[in-house]
Each structure stands twice: as structure tokens, then as C-alpha cells.
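Visitor: Here it is, the structure in full.
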Amino acid sequence: MTLEKYLQEIAEKIKLRGAALAKYLSKFEKKFHKHFDGELVAVKFNDGSIAYYKMAGAHNHEKIGEVFEIIAIRKPPGVKFKNLPDDIPFKANVEMIVDGVKYTKKATSTLFPKNWDINRVKEEIALVYDDLVKSGKDFSKFPYKHKIMNSEETFEILIEFDEFGNLTNAYPWIKN
């Protein structure tokens with residue numbers, strides 16, 4: 001493949017991602033960032049009272065140091081954030097401190113490549129969502145999840161949405 005052809009393909013992918021984001025930008029507005037950026041979730045007793053809070057989400061590496069901290073990177077193992085390759089997703093154990101209380105997420109978080117800013121992440125998610133819409137999937141039926149390769153076909157992205165099609169979460173699908 002010639003360099004010119006390769007650059008044309010990249011330009012086309014960028015154009016497709018941008019068009020998908022423009023088309024579905026409103027789907028991110030209601031619920032997406034709350035979970036994606038990292039949040040505390042109340043776990044309740046049967047009577048509705050709060051039993052405890054737990055950390056959830058945290059898939060946006062741009063929120064490291066602002067909302068949550070990385071305790072350890074799990075995949076690739078033994079690598080520090082500053083030494084991660086730019087273009088691969090990664091798994092990490094994370095925690096957040098709210099009002100002096102430390103909340104450690106029990107499950108590992110999967111985070112998008114560190115060279116992807118939030119706009120790139122949303123473009124990729126919108127492209128996955130567009131594929132889902134074109135497939136004719138019924139949004140009113142559970143489960144509200146869909147998984148497909150990113151535009152560069154290097155890893156899968158799992159998106160979650162509600163019954164109205166609003167995006168509620170997304171993360172790289174990294175096999176153990």
C-alpha cells in the first residue's frame with residue numbers, strides 16, 4: 001500500500017468518526033459522563049436506606065488525578081501510566097477520595113488509549129452506535145449493550161445505553 005493510499009484511508013476514518021459524533025452527540029448528554037468519568041454509587045438496603053457507597057465507572061483517563069487515581073496498571077502488567085504505549089487500551093485498579101474517604105473500585109477499570117482525548121473516544125463510540133443503529137437492533141429490548149471493533153480494528157469497544165438509546169457507558173473490551 002502506498003503512503004498516499006494509507007493517508008487517504010486514515011482521512012476517511014476520521015471523516016466517518018466525526019460524522020457519527022455529529023449525528024449522535026445528543027445521545028451523550030443525559031447520563032454518559034457521570035459513570036464514564038468515575039462516580040460513587042449508593043448501594044441500598046431493601047427498605048431504600050443507603051447501606052454504603054461504592055466506586056463505579058472510571059474509563060476516562062483524562063480524569064486521572066482529577067476524579068480518580070490509578071493504584072496499579074493490570075494490563076499490560078508492571079507498566080506505569082507515563083510509560084504506557086500511546087495507542088493501546090489498558091486495565092487498571094482505581095480509587096477516588098471524596099470528603100476524605102477513600103473508595104477503591106473492586107473491579108478493574110478498562111481505559112481508552114492515553115493518546116485518545118475525550119473527543120476521539122466519543123467519535124469511536126458514536127461510530128459503534130451508528131453501526132448498531134444500522135443493524136436494526138431494537139433499543140427497547142434488554143440487554144442494552146453492543147460490542148464492535150474500533151475504527152482502526154485494533155480492539156473492541158463495548159457500549160451501554162438505556163431503552164431510549166441514550167449512551168450510559170463505554171469501555172474498551174480487553175480480554176484477560
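Visitor: Roughly what angle does helix 3-24 make with the longest principal axis of the chain, taking Cα atoms, 0 to 90 degrees, to the nearest 10?
Guide: 50 degrees
Visitor: Please list the non-local residues whose amide H lies under 5 Å from the amide H of Ala72, H modeled 1.01 Å from N, same-chain partners needing a gap of 5 or more.
Guide: Asn93
Visitor: Which of Ala42, Pro172, Ile10 sits farthest toward the positive end of the charge dipole of the chain, with +1 on the Cβ of Lys and Arg and -1 on the Cβ of Asp and Glu?
Guide: Of the candidates, Ala42 comes out farthest on the positive side.
Visitor: With +1 assigned to the C-beta of every Lys and Arg and -1 to the C-beta of every Asp and Glu, and no other charges, what is the dipole magnitude of the chain about the Cα centre in debye, to the nearest 20?
Guide: It works out to roughly 420 debye.
Visitor: Let me ask something additional. Scan around Gly38 for amide H atoms under 5 Å from its own, H built in the peptide plane at 1.01 Å from N, and keep only partners 5 or more places away or cross-chain.
Guide: Counting only residues 5 or more places away or on other chains, the set is Ala58, His59.
Visitor: Let me ask something else. Is there a quick way to get the dipole size of segment 1-82? I mean about its Cα centre, with the Cβ of Lys and Arg at +1 and of Asp and Glu at -1; what is the value in debye to the nearest 20?
Guide: On the way: 16 positive and 10 negative charges, 38 e Å.
So the dipole magnitude of segment 1-82 works out to roughly 180 debye.
Visitor: How far is helix 118-135 tilted off the main Cα axis of the chain, in degrees rounded to 10, range 0 to 90?
Guide: Long axis of 118-135 versus the principal axis of the chain: about 70 degrees.
Visitor: Also: Roughly how many nanometres apart are two label points built 7 Å out from the Cα toward the Cβ at Glu156 and Lys137?
Guide: Here the answer is 1.1 nm between the modelled labels.
Visitor: Quick one, which of (1) 1.04; (2) 1.00; (3) 1.06 is the actual Rg/Rh (Cα atoms, Kirkwood Rh) calculated for this model?
Guide: (2)
Visitor: Between Asn169 and residues 5 or more places away or on another chain, which pairs have amide H atoms under 5 Å apart, with H built 1.01 Å from N, and which residues are they?
Guide: Glu160
Visitor: Right, next: Using each residue's phi in segment 164-176, evaluate 6.51 cos²θ - 1.76 cosθ + 1.60 at θ = phi - 60° and report the 3J(HN,Hα) Karplus result to the nearest Hz, with x for Gly and Pro.
Guide: For segment 164-176, the Karplus curve yields 9, x, 6, 6, 10, 5, 7, 7, x, 8, 10, 6, 3 Hz.
Visitor: If the cut-off is a Cα-Cα distance under 12 Å, which aspartates and glutamates reach Lys137, setting aside same-chain residues fewer than 8 apart in sequence?
Guide: Glu163
Visitor: Using unit Cβ charges (K, R positive; D, E negative) and no other charged atoms, how large, in debye to the nearest 20, is the dipole of segment 104-176 about its Cα centre?
Guide: In total the dipole reaches around 360 debye.
Visitor: Once phi is turned into ³J(HN,Hα) by the Karplus curve 6.51 cos²θ - 1.76 cosθ + 1.60 with θ = phi - 60°, what whole-Hz value does each residue of segment 55-63 show in order, with x for glycine and proline?
Guide: Residue by residue, segment 55-63 yields 7, 9, x, 6, 10, 9, 4, 5, 9 Hz.
Visitor: May I pose another question? Apply the Karplus curve 6.51 cos²θ - 1.76 cosθ + 1.60, θ = phi - 60°, to the phi angles in segment 143-151 and return the couplings in whole Hz, x for Gly and Pro.
Guide: Whole-Hz 3J(HN,Hα) from phi for segment 143-151: x, 9, 9, 8, 10, 7, 5, 5, 5.
Coordinate-derived values only; no laboratory data. For clarity, every value in this text was computed on a predicted model and none was experimentally measured. For neighbour counting, all protein chains shown are included, and Cβ atoms are generated from backbone atoms with ideal geometry for every residue, glycine included.
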